[in-house]
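Only the coordinates and a few stated rules stand behind these numbers; no lab work does. Since this is a predicted model, take the numbers as computed values, not measurements. FYI the Cβ positions are ideal-geometry reconstructions off the backbone, even for glycines, and counts take in every protein chain you see.
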């Protein structure tokens, strides 16, 4: 039995029905919406997603009739065309880059599409189905701000954010902080004025990847005052081409295995001092005049690339780095 909530709608309960991974509740959702009506962008998103992506033609057709009844003719025609071509979209980013409507909430549509595709592979979905279900690539989505409805996909473990210079990462951080299952976040080709330390609060975060791409930063990326800003779960930190100011306020990262930090204007690596499991360190093209002696304590190191730095000396006891396979360091000698 559905209980009407304080906002006079049934969206949370219908969402829970739709998100059942053990049972395909799409027919039940359509039954309920046939009686309740479809009066907002979120519910239209569910209907649109079922109409386009459900593998059962009869269920898809039922959703299409609901869409014809409650949506505009243009949206209905768009759904008809997409249903016939959805099999040709190899990734969601391609689909997202082509679909745009103020009548349909995109992230409720995506939830419906992911549930439809999940149930297509039941009762024994393979690992690829699991990865596809929990991943979302928005790099080709031409939006400046992510809506609150992003959090309806709170089961995601992999998220690549819109990759264009107008995307507002700062406004998205409060939403991302609510997505507690996230393990990998990719940010690229955007302006970042402040290091997104808020993401370090995510309890399962394993990889944070920041790449400037084709965007040329106007100024450095500032680590906020205070700190230190570390992450107990982080295993991979990539920051390519974003100059960092205040790096001494970062860390610790006790589980870090990879730190790829080229062209970040770094003058210190102290934030890595407690990264005892670090295996790969790339700090090319920075402003390091020396390498910290604590690197000799990181005995798991396999690769160390500190080339293209103004290094004046190397005071490391390399004999302790028994796992080291690649070392690229050039010492500048001044006369």
| remark: Inter-part gap, Cα centre of region 38-90 to Cα centre of region 107-159, in whole angstrom, is 17 Å
| query | Rounded to the nearest 500 deg cm²/dmol, what is the calculated helix-only ellipticity per residue at 222 nm for the chain, with -39500 (n - 2.57) per DSSP H run of length n ≥ 4? | reply | -8500 deg cm²/dmol
| query | How high is the relative contact order of region 158-259, given as a whole-number percent (alpha carbon pairs under 8 Å, six or more residues apart)? | reply | 24 percent
| Contour minus end-to-end for residue 173 and residue 135, with contour as 0.36 nm per residue of separation and end-to-end as the Cα-Cα distance? | 11.9 nm
| request: Would you mind calculating the relative contact order of region 224-335 from Cα pairs under 8 angstrom and at least 6 residues apart, reporting the percent as a whole number? | output: 19 percent
| request: Would you kindly state how much longer the chain becomes between residue 222 and residue 307 on full extension, computed as 0.36 nm times their sequence separation minus their alpha carbon distance, in nm to one decimal? | output: 28.2 nm
| residue 22/residue 57 FRET efficiency (R0 25 Å; Cβ-Cβ; nearest 0.05) | 0.65
| Where in region 226-240 does the label zone of residue 267 land, with the point 7 angstrom along Cα→C-beta and an amide N cut-off under 16 Å? | none
| request: Measure nothing but the geometry: give the 0 to 90° angle between the long axis through the Cα atoms of 57-70 and the longest principal axis through the Cα atoms of the chain, rounded to 10°. | output: 80 degrees
| query | At a Förster distance of 56 Å, what's the computed FRET efficiency of residue 327 paired with residue 39, Cβ-Cβ distance as r, to 0.05? | reply | 0.30
| query | Pick from 139, 263, 69: which residue has the top mean-square fluctuation in a GNM of the chain where Cα pairs under 10 Å get a spring? | reply | 69
| remark: Extend 7 Å from the Cα of residue 248 along its Cα-to-C-beta direction; within region 270-307, residues with backbone N under 19 Å of that point are 270-275, 286-295
| query | How far, in degrees from 0 to 90, does helix 73-85 lean away from the longest principal axis of the Cα atoms of the chain, to the nearest 10? | reply | 70 degrees
| In a Debye calculation with equal point scatterers on the alpha-carbon sites of region 171-238 and no solvent, what is log10 I(q)/I(0) at q = 0.12, 0.15, 0.17 Å⁻¹? | -0.31, -0.49, -0.63
| query | Mind checking the angle between helix 106-120 and the chain's longest principal axis? C-alpha axes, 0 to 90 degrees, to the nearest 10. | reply | 80 degrees
| said: Against the empirical 2.2 N^0.38 Å scaling, what ratio does the C-alpha Rg of the chain come to? | reply: 1.20
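Could you rank the peptides 27-37, 239-249 by their average count of other C-beta atoms within 10 Å per residue, with the highest value first?
Working: 27-37: 15.5, 239-249: 19.4.
With the highest mean Cβ count within 10 Å placed first, the list reads 239-249, 27-37.
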